[in-house]
Amino acid sequence: MSTTDNLPTKLGRSIESSLSSLGAYALMTLRAFGIFLTNPPHFSLIREQLFSIGIMSLPIVSVTGLSTGMVLAAQSFFQLADKGLEGSTGIMVGKALMTELSPVLTGFIVAGRVGSAMCAEIGTMFVTEQIDAMRSMSVNPLRYLVTPRIIASTIMMPFLHLFCTLTGILGGYLVATYLFGMAPITYFGSMQIYITNFDFMSGFAKSFIFGVFVASICCYKGMRTKGGALGVGSSTTSSVVTCYAAILIFNFLLTLALNMIRIWFYRW
């Protein structure tokens, strides 16, 4: 009986805790951008994160993009060849990568490779009271730790998305031309006709937003770490899972919103 009576109370507390965490996360993110606009951190801090997030992620991004493009080309060719539409292989590869797969996969890669390290580093500093020591010396942890990571992730994610898209198109080209004997003009011709500026900007907009999500979520989880080494591991796992969920959910919402904007724009 008591379990049933306590269920609404537990549910209410869970919702209250979730909303409180969401508000704290949004406030931290806004403060980080506010610091960048009013009192930006030293460029060396941002440059270090640009290198870690961007340059160091290029190998895994290139492998992911290349393999994804090759798989898309093979699947598209096999599905379309018996219908006489194999010439559409290029547009299938290019459009899928540019608008959907490349932003999502790039977000996953950065969250798993860099975001987890962000959370673990900041979480370790928090549980060992290094962040409290920074505050005691009048050093703002948001300015020193969080803002450079968020800004660097926001800047580098669109470029990583573009690199992933280009390597994916290259992988599709290699499969379509050297494995299936398709003429290069057939592969690239459909892209020039059917891939629009809207597709290009849609992928960039998604990757820009995903860059904000990955760094801000991982930094927030790191700043809320409790419980020593075990807490650091839990926060790191939670940050990556939360990033994946946010990317998937907002990819769907952004797809709907951007296409509604496109329809409204062409209607007027």
Residues that are in a loop (DSSP other than H, G, I, E, B) and surrounded by 14 or more Cβ atoms within 10 Å (Cβ to Cβ), drawn from segment 1-52: 40, 41
Subset of segment 186-233 (residues that are of a type in the set (S, T, N, Q), more than 26 Å from residue 54 (Cα to Cα) and in a helix (DSSP H, G or I)): 186, 190, 192
Filter pass, residue 58 being farther than 30 Å from residue 169 by Cβ, modelled with pLDDT of 85 or more and surrounded by fewer than 18 Cβ atoms within 10 Å (Cβ to Cβ): no
Residue 146 vs. criteria part of a helix (DSSP H, G or I), free of Cβ contacts under 8 Å to residues at least 12 places away in the same chain and among the aliphatic types (A, V, I, L, M): no
Every residue from segment 100-143 that is farther than 25 Å from residue 203 by Cβ, assigned to a helix (DSSP H, G or I) and among the acidic types (Asp, Glu): 121, 132
Selection status of residue 89, touching a helix residue (DSSP H, G or I) at 6+ places or on another chain (Cβ under 7 Å), of a type in the set (Val, Ile, Thr) and either farther than 21 Å from residue 200 by Cα or at pLDDT 90 or above (or both): no
Hey, residue 110 within 19 Å of residue 45 (Cβ to Cβ) and among the β-branched types (Val, Ile, Thr) or not: yes
Segment 167-185: number of residues that are surrounded by fewer than 16 Cβ atoms within 10 Å (Cβ to Cβ) and part of a loop (DSSP other than H, G, I, E, B): 3
Conditions (1) at pLDDT below 90; (2) assigned to a helix (DSSP H, G or I); (3) surrounded by fewer than 18 Cβ atoms within 10 Å (Cβ to Cβ): number failed by residue 84: (2)
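One line per residue, one yes/no per condition, for (1) within 24 Å of the chain's Cα centre (by Cα); (2) of a type in the set (Val, Ile, Thr); (3) at pLDDT 90 or above:
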residue	(1), (2), (3)
3	no, yes, no
38	no, yes, yes
68	yes, yes, yes
71	yes, yes, yes
Selection status of residue 43, in contact (Cβ under 8 Å) with a residue 24 or more places away in the chain and either within 13 Å of residue 144 (Cα to Cα) or basic (Lys, Arg) (or both): no
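The values are calculated or read from the model by the stated rules, or taken from the named source; none is laboratory data. Here the structure is a predicted model, which is why all the values come from computation and not from measurement. Don't worry about glycine lacking a Cβ; one is built from the backbone with ideal geometry, like all the others, and counts go over all protein chains shown.
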